[in-house]
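For reference, the structure is listed below as structure tokens.
The values are calculated or read from the model by the stated rules, or taken from the named source; none is laboratory data. Predicted, not measured: the structure shown is a model, and the values here were computed from it. When we count neighbours, we look across all protein chains shown, and the Cβ atoms used for this are built from the backbone with ideal geometry, even at glycine. Heads up: the accessible areas ignore ligands, DNA and RNA and are worked out on the full protein's heavy atoms, side chains in. Shrake-Rupley method; radii C 1.70, N 1.55, O 1.52, S 1.80 Å.
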Amino acid sequence: MKMPTVAERLAILDSNRTLKMARSAHAYVRGNTAKFYDWLAASPVARRVPEGPAVWICGDCHLGNLGPLANGEGRVEIQIRDLDQAVIGNPAHDLIRLGLSLATAARSSDLPGVATAHMIEEMVEGYAAAMGDPTSGDAGPEPDAVRSVRRKALSRGWQHLARARLEAVEPRIPLGKRFWALAGDERAALKHVFDDPAVARLVLSLDGEKTDRSIRMVDAAYWMKGCSSLGLHRYAVLLGLKNGKGRSGYALIDLKEAVAPVAPVRAGAGMPADNAERVVAAACALSPHLGRRMMPVKMGDRSLFIRELAPQDLKLEVDQFSEAQAAKAAHYLAFVVGKAHARQMDDATRAAWRDVLETDRRGSIHAPNWLWESVVSLAGSHEAGYLEHCRRYALAA
């Protein structure tokens, strides 16, 4: 199979991204972060969205960016799993983004509008519970979608990761639809990254930091993966971990280009200027299980971040919601996001932000009006944008 050149990659990736976004309204929401913030700024309610505490936020807080993550010791927790858009900004933006994602999932599940109203109410209750006590607050019952992906995560080992990501358990990366041959000096540049002793220490520390071990690059490929990240430089690298007795294990490393975020940054925020350093700093603040496994690196003039993929790292996939499960999921997942925000605040700041969430609750829905009205406005904008996107790209394809 002929592998595409670098120029051909960009055309293929751009086409794949637009078609992937046309698959469903929910896929369109996931892949259209820039439009989300444009439409939010233009919405009638934009001026009434409160300024929360200046903390690291996900910036792209939709359902697919939450899921189980393992730390270096193999413990699994549901956390935010994608921090490409993370900035020091307004936590209200994560709430609105999550609310829109839940509303779109409810629409895809053909649930009545009142179910979406209940989801927004439960979302606020779950988030407020995390503000009250991020350590032992009431996360609510674990929804079926979360329970099932957690069980799957806990049962996975290297062979599952290899079959899912590489479609093989042999120590190689199979070239084809998802993995493409490296061009020119890319392989040499990647080898240079993993020759760095600091990178080797990170990888070995996740394997118990055995001093008699070394790493070597077994294989590498360009990785066609994701939706919002399509078109960026992204690589899969298979490392061999060898000890003094000649025995080897393997680690699968994801390298992803970091670019400037589109999420609004709080004025005067002290963030790293380098985008890979920004992503890693955000991960350490929002998702400690992930942050401890990441590191910023350079490939030429490009800024990338690396992380070892753990078998337990899974995306939360929600194809269908029942009305009861939708409310449970909204409460639980908002608690996860609230916990990520709250661990960055002191007691007084959490209490003050929680008080803000209790205000502006007029009418029949027990949630801030700015949140409900933002979700309603954005749902309409995204629906219209999705249909127009399908007309322009899916019909042409």
Out of Gly99, Gly140, sole residue that is closer than 21 Å to Glu358 by Cβ and assigned to a helix (DSSP H, G or I): Gly99
Residue selected from region 270-281 under the condition assigned to a helix (DSSP H, G or I) and open to solvent by 20 Å² or more (accessible area, probe 1.4 Å), by the criterion farthest from Ala198 (Cα to Cα): Asn275
Failed criterion for Asp219 (all others in (1) in contact with a helix residue (DSSP H, G or I) (Cβ under 6 Å, 6 or more places away or on another chain); (2) at pLDDT 90 or above; (3) not in a helix (DSSP H, G or I) hold): (1)
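Yes or no, residue by residue, for (1) open to solvent by 50 Å² or more (accessible area, probe 1.4 Å); (2) among the hydrophobic types (A, V, I, L, M, F, W, C); (3) modelled with pLDDT under 95:
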position	(1), (2), (3)
Pro4	no, no, yes
Lys20	yes, no, yes
Ala27	no, yes, yes
Trp39	yes, yes, yes
Pro44	yes, no, yes
Leu69	no, yes, yes
Ile80	no, yes, no
Enumeration of residues in region 282-333 that are free of Cβ contacts under 8 Å to residues at least 60 places away in the same chain, farther than 18 Å from Met271 by Cβ and part of a helix (DSSP H, G or I): Ala324
Condition met for Arg81 (within 22 Å of Met271 (Cα to Cα) and of a type in the set (Lys, Arg)): yes
Where Val149 falls short, out of the listed (1) open to solvent by 20 Å² or more (accessible area, probe 1.4 Å); (2) farther than 28 Å from Ser364 by Cβ: (1)
Selection count, region 143-165, where residues are part of a helix (DSSP H, G or I) and either small (Gly, Ala, Ser) or at pLDDT 80 or above (or both): 12
Set Leu98, Leu161: member being within 23 Å of Ala283 (Cβ to Cβ) and surrounded by fewer than 24 Cβ atoms within 10 Å (Cβ to Cβ): Leu161
Complete set of residues in region 166-206 that are at pLDDT below 80 and outside any loop (DSSP other than H, G, I, E, B): Leu166, Ser205
Boolean, Val114 is open to solvent by 20 Å² or more (accessible area, probe 1.4 Å) and closer than 25 Å to Val376 by Cα: yes
Single match in Val297, Val262, Val279 (criterion: under 16 Å from Gln79 (Cβ atoms), of a type outside the set (S, T, N, Q) and either modelled with pLDDT of 90 or more or in contact with a Pro (Cβ under 9 Å, 6 or more places away or on another chain) (or both)): Val279
Residue under evaluation Ala267, criteria (1) modelled with pLDDT under 95; (2) outside any loop (DSSP other than H, G, I, E, B); (3) open to solvent by 20 Å² or more (accessible area, probe 1.4 Å), criterion not met: (2)
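Each row is one residue, and each column tells you yes or no for (1) touching a His at 6+ places or on another chain (Cβ under 7 Å); (2) closer than 18 Å to His62 by Cβ.
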| position | (1), (2) |
| --- | --- |
| Leu83 | no, yes |
| Val87 | no, yes |
| Arg97 | yes, yes |
| Ala103 | no, yes |
| Arg107 | no, yes |
| Gly113 | no, no |
| Met119 | no, yes |
| Tyr127 | no, yes |
| Gly132 | no, no |
Among residues of region 337-366, those that are crowded, with 24+ Cβ neighbours inside 10 Å and either among the aliphatic types (A, V, I, L, M) or outside any helix (DSSP H, G or I) (or both), counted: 3
